[in-house]
Amino acid sequence: VQLQASGGGLVQAGGSLRLSCVASASIFSIDAMGWYRQAPGKQRELVATITKGGSTNYADSVKGRFTISRDIRKNTVYLQMNNLKPEDTAVYYCHAYGSGHDYWGQGTLVTVSS
């Protein structure tokens, strides 16, 4: 499965962005998809996930501000990010897990200015 992430950019604190991740295969057959991020000098961390059954999970730091969703017909997973903060600045990676394998997209940079 190949993943193509897009939607990153520069935004002021309090603003919004929507990330998209298009999968090369039907996401209906993928066990889970999600978003991770990695800030400079820090480890990659989980942001949000959505399972095949539609259950979602969020990092405490983004709860109430970020929403993960999917469009199965378009093989696409989205991350709507509202009320962005400077500490959200990172490279965001799309991730998929299926058939015992992990798949990663190329990352998209989100920069939040104060």
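The values are calculated or read from the model by the stated rules, or taken from the named source; none is laboratory data. Keep in mind that what you see is a predicted model, and the values were worked out from it rather than measured. Every residue, glycine as well, gets a Cβ built from its backbone with ideal geometry; the counts of neighbours run over all protein chains shown. With ligands, DNA and RNA removed, areas are computed over all heavy atoms of the protein, side chains included. Shrake-Rupley method; radii C 1.70, N 1.55, O 1.52, S 1.80 Å.
Values for this structure:
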item	result
Hey, ARG18 farther than 20 Å from HIS101 by Cα and either among the aromatic types (Phe, Trp, Tyr) or part of a strand (DSSP E or B) (or both) or not	yes
Residues within segment 91-106 that are closer than 22 Å to VAL11 by Cα, among the hydrophobic types (A, V, I, L, M, F, W, C) and crowded, with 22+ Cβ neighbours inside 10 Å, tallied	1
Selected residue (only one of LEU79, LEU84 is touching a Leu at 6+ places or on another chain (Cβ under 9 Å), within 26 Å of GLY15 (Cβ to Cβ), modelled with pLDDT of 95 or more and not in a strand (DSSP E or B))	LEU84
Total residues in segment 59-88, condition among the hydroxyl-bearing types (Ser, Thr, Tyr) and either within 15 Å of LEU3 (Cβ to Cβ) or crowded, with 19+ Cβ neighbours inside 10 Å (or both)	2
Matching residues in segment 44-58 - criterion: being farther than 18 Å from SER26 by Cα and either in a loop (DSSP other than H, G, I, E, B) or open to solvent by 30 Å² or more (accessible area, probe 1.4 Å) (or both)	ARG44, GLU45, LEU46, THR56, ASN57, TYR58
Residue count for segment 59-76, restricted to those that are at pLDDT 95 or above and not in a strand (DSSP E or B)	7
Residues within segment 1-47 that are among the aliphatic types (A, V, I, L, M) and without any contact (Cβ under 8 Å) to a residue 60 or more places away in the chain, tallied	5
Selection from segment 4-29 of residues that are more than 10 Å from the chain's Cα centre (by Cα) and buried (at least 22 other Cβ atoms within 10 Å of the Cβ)	ALA23, ILE27
Criterion violated by PHE28 - all others in (1) under 16 Å from LEU109 (Cα atoms); (2) not in a strand (DSSP E or B) satisfied	(1)
Condition met for TYR36 (aromatic (Phe, Trp, Tyr), more than 20 Å from SER6 (Cβ to Cβ) and either open to solvent by less than 50 Å² (accessible area, probe 1.4 Å) or part of a strand (DSSP E or B) (or both))	no
Pair list, Cβ < 7 Å and 6+ apart or interchain, from segment 98-114 residues that are closer than 24 Å to ALA32 by Cβ to residues that are polar (S, T, N, Q) and assigned to a loop (DSSP other than H, G, I, E, B)	VAL110/THR89
